[in-house]
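The block underneath contains the structure these notes are about, expressed in structure tokens.
Please treat every number below as a calculation from the coordinates, not as lab data. What you are looking at is a predicted structure, and each value in this text was computed from that prediction instead of being measured. With ideal geometry, Cβ positions are generated from the backbone for all residues, glycine too; neighbour counts draw on all protein chains shown.
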Amino acid sequence: MVASVLALFASYLLTLPAIIIGNAINILESDGFTQAFVTHVWFILGIAAALFVTILLVGYAFAIITLRWERDARQEFFELVQENSMTFHDQVDSKQLLAVAMQDVRWVRFSLNPALRNIISAIGTLIIASVFLALLDIWLGVVVVIGTPLYLFFAYRYAVKVEPVRRKRSEQNERITAISQEVFRGIEVVRAFGSEDREQEKFSEAAGAYEQLMAREGKLGAFYIPTLILITVTTLAFIYGANLVITGTWTVGTLITGLGLFAAIEGFSFMLPRFLLVIRGGYVNAQRIINVLNWKDPLKEPEQGVTNTDWTGDITFENVSFQYTSENGQNNSYALKNINLTIPTGSRVALIGGPGGGKSTILKLLLRLYDPTSGRVLVGGVDLRNVHTQNVRAAVGLVEQDIFLFRMSVHDNIGFGCVDACEEEIIDAAKKAQAHEFITKLSEGYGTVIGERGMTLSGGQRQRLAIARTLVQNPKILLLDDSVSAIDAQTEYSLRKALDEVMKNRTSITVTQRLRTLLESDMIVIVDKGEIVATGTHDHLIQTSDHYRRIFERLPGAISYASKRAKEGRH
């Protein structure tokens with residue numbers, strides 16, 4: 001409010017020099033270079049100084065308000081995106097989120113400052129100058145009153161025409177950002193396949209389309225009718241005023257005052273369409289932001305979550321079915337169908353099956369990254385829907401298949417899920433994950449900063465750090481999604497010994513294709529095409545399940561293991 005009042009006051013100060021200059025010329029014409037003329041000159045200088053200070057204050061006030069809004073908007077956007085479930089991230093591309101958070105928020109701020117600030121000043125100048133013109137001559141006031149709506153009509157019409165072009169330009173800019181981000185993140189693959197020229201051509205095509213949209217917007221601006229209206233009105237006003245001077249109705253000073261007031265109107269009017277366009281563009285950008293903020297999350301937090309969940313209790317899946325949602329909001333085919341499964345407390349469970357069978361989805365439901373489409377997932381008899389996600393993830397630890405490490409120190413990566421972990425706990429977790437030895441050989445040990453996504457480390461090293469990150473959390477339920485796939489046989493043996501100790505007295509579920517894991521499991525669950533085919537121990541399934549036998553025969557080491565068992569049986 002204060003900033004708007006200051007902007008209107010600046011508009012008033014902007015119109016005063018035209019009136020004072022006219023009076024000064026009248027004095028100079030009638031009395032010559034007198035003290036009164038000098039006083040008018042000093043008065044003009046004083047108004048100029050006051051105008052400078054006022055404009056500075058207006059700019060500062062609007063900058064503080066809008067920059068704080070931009071900061072708070074980005075913070076709220078970031079927090080909301082983090083709070084949304086994985087369904088949101090399945091539907092909304094990360095590149096789009098980046099474009100909205102950075103570009104759209106910035107354009108909305110531009111629509112507030114300088115666009116809205118200058119529109120307030122332009123309207124204020126128009127009203128004040130029109131009043132002064134009407135006081136000089138009623139017909140000039142009438143011309144302004146008639147011409148202004150006509151001018152604003154064509155200015156708004158222009159903004160409406162340009163809006164679709166601006167919208168497409170924003171989308172094309174988002175595409176350019178997406179192409180750049182994808183190439184930069186996958187630069188190793190691009191170079192490995194010698195695809196630099198193809199990617200450059202793709203970027204050039206996107207940039208060319210952006211250029212065409214800019215050119216189209218420029219053509220619309222070249223045929224801008226409001227400018228013609230403004231020039232015509234000013235010319236007619238000059239002819240009218242000059243005629244009044246010739247007839248003796250006006251003095252030369254009065255004519256200069258009138259032209260000065262028209263010049264003040266023109267100064268802002270030439271910029272008005274541009275600012276109207278920014279306002280319209282800001283509206284489009286604001287809609288994109290609102291669409292993200294208003295996204296309805298299917299995963300609901302309970303109003304009063306259960307806090308006394310027995311995480312050491314049995315895990316039960318009751319008629320659980322689940323569908324992922326695609327980017328267009330449509331449900332895909334069922335990833336899980338009518339899953340009924342009970343995992344006794346403290347069990348070591350192995351999930352096995354073909355790709356896309358639903359194994360990883362079971363882990364995600366247990367971590368409450370998603371809620372079932374139908375059915376219930378219970379731990380200790382409590383439906384996970386009734387437990388806050390924060391409590392679920394404090395008790396359930398996941399070592400993911402696609403390891404993601406942050407650009408921070410080894411120490412901070414291991415302690416990421418437990419910020420209050422002490423040095424001894426982090427080192428102990430690293431030792432259990434067989435990571436301590438290679439960490440100490442790094443340039444700065446635990447203080448070594450890992451490159452983006454951990455690309456400076458080998459696959460096995462990244463995987464061991466991920467396991468250490470989960471172990472330091474000390475979860476009640478341990479989930480491992482093919483967590484030893486990138487580890488050599490010797491390291492796997494050492495890691496298995498450590499995990500044997502870690503898995504004691506806690507339920508662990510492992511997605512695996514490893515023979516040793518299957519043999520050491522209390523329960524093996526075969527999942528195929530979203531359904532449970534069979535459950536049981538290795539010895540039970542090898543005798544009763546043709547599906548399991550086919551899988552088992554393809555595992556590395558299965559033939560030698562079967563031969564060894566056969567020899568033992570003969571003896």
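Between SER458 and GLU553, what length in nm is gained on full extension when 0.36 nm per residue of separation is reduced by their alpha carbon distance?
31.2 nm
How far apart, in nm, are two points set 7 Å out from the Cα along the Cα-to-Cβ line at GLN212 and at VAL252?
According to this spin-label approximation, the distance is 5.8 nm.
What is the ratio of the Cα radius of gyration of the range 98-293 to 2.2 N^0.38 Å, where N is its residue count, to two decimals?
So the range 98-293 has a normalised radius of gyration of 1.45.
If you average 1/r over all unlike Cα pairs in the range 373-473 and invert the result, what Kirkwood radius do you get in angstrom?
Over the range 373-473, the inverse of the mean reciprocal pair distance is 14.6 Å.
How do THR66, THR510 rank when sorted from fewest to most other Cβ atoms within 10 Å of their own Cβ?
Result, fewest neighbours first: THR66, THR510.
Once each part is reduced to its C-alpha centroid, what is the distance from the range 159-223 to the range 236-300 in angstrom?
The range 159-223 and the range 236-300 have Cα centres separated by 32 Å.
So how long is each side of the chain along the principal axes, counting just the alpha-carbon atoms, biggest first, in Å?
132, 54, 46
What does the convex hull of the Cα atoms come to per residue for the range 136-200, in Å³?
In the range 136-200, the Cα hull volume divided by residue count equals 111 Å³.
Put one equal scatterer on each alpha carbon of the range 4-149, apply the Debye formula with no solvent term, and list log10 I(q)/I(0) at q = 0.18 1/Å to two decimals.
Each listed q corresponds, in turn, to -1.06.
With the alpha-carbon atoms as the only input, what is the per residue convex hull volume for the range 174-261 in Å³?
127 Å³
Counting helices only, and only those DSSP H runs with n ≥ 4, report the 222 nm mean residue ellipticity of the chain as the sum of -39,500 (n - 2.57) divided by its residues, in deg cm²/dmol to the nearest 500.
Helix-only estimate at 222 nm: -20500 deg cm²/dmol.
Would you mind ranking ARG68, ARG376 so that the residue whose beta carbon has the fewest other beta carbons within 10 Å leads the list?
ARG68, ARG376
Taking only C-alpha pairs under 8 Å that are 6+ residues apart, what is the relative contact order of the chain in percent?
Relative CO of the chain lands at 15 percent.
Work out which helices of the chain, taken as complete DSSP H runs, extend at least 24 Å along their axis over the Cα atoms and score a mean Kyte-Doolittle of -1.0 or more, then list them.
2-31, 35-83, 117-136, 138-185, 225-247, 252-269, 272-293
Determine, for PHE77, PHE238, the number of other Cβ atoms within 10 Å of each Cβ, and report the residues in order from fewest to most.
PHE238, PHE77
Taking 0.36 nm per intervening residue step and subtracting the Cα-Cα distance, what contour gain separates GLN181 from ASP31 on full extension?
46.8 nm
Could you give the length gained on full extension between THR307 and LYS202, defined as 0.36 nm per residue of separation minus the Cα-Cα distance, in nm?
Residue separation times 0.36 nm, minus the Cα-Cα distance, leaves 32.5 nm.
Taking R0 as 25 Å, what FRET efficiency do you get between ASN338 and ALA394 from their Cβ-Cβ distance, rounded to the nearest 0.05?
0.25
Which of the lysines could be linked to LYS504 by a straight reach, that is with a Cα gap under 16 Å, when you skip same-chain ones fewer than 8 residues away?
Correct list for LYS504: LYS432, LYS476.
Taking 7 Å along the Cα-to-C-beta vector as the label spot, tell me the TYR12-LEU515 distance in nanometres, rounded to one decimal.
9.1 nm
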